[in-house]
Amino acid sequence: MLKAINDIVRPTPPPVIRSQAPTETAKWEVPFDGSNNRGSVQDFVFKVEYLKSLFQCPWDEILSNFHVLVTGRAREW
């Protein structure tokens, strides 16, 4: 006997795991170039920590993409 479409049990998709949905740190728009024109190092660190919390982004992901957050002289350090 055929089952009605509504009677078919569909599997629930797995929950999204952080590592499967990387945060696009380039879109955070908090570049740091080593000068005080965009704020101090403390301001930069505060912004990164805030966004880390907001997006529940692990430190290893931030550190592996750190090159997109720094520009100019800071990138050379």
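The values are calculated or read from the model by the stated rules, or taken from the named source; none is laboratory data. Note that the structure is predicted; figures quoted are calculated from it, not measured. Cβ coordinates were reconstructed from backbone atoms using ideal geometry, including for glycine residues, and neighbour counts include every protein chain displayed.
Among the residues making up the range 46-65, those that are part of a helix (DSSP H, G or I) and surrounded by 13 or more Cβ atoms within 10 Å (Cβ to Cβ) are F46, K47, V48, L51, K52, F55, E61, I62.
Residues in the range 19-37 that are surrounded by 14 or more Cβ atoms within 10 Å (Cβ to Cβ) and either at pLDDT 90 or above or part of a loop (DSSP other than H, G, I, E, B) (or both): T23, V30, P31, D33, G34.
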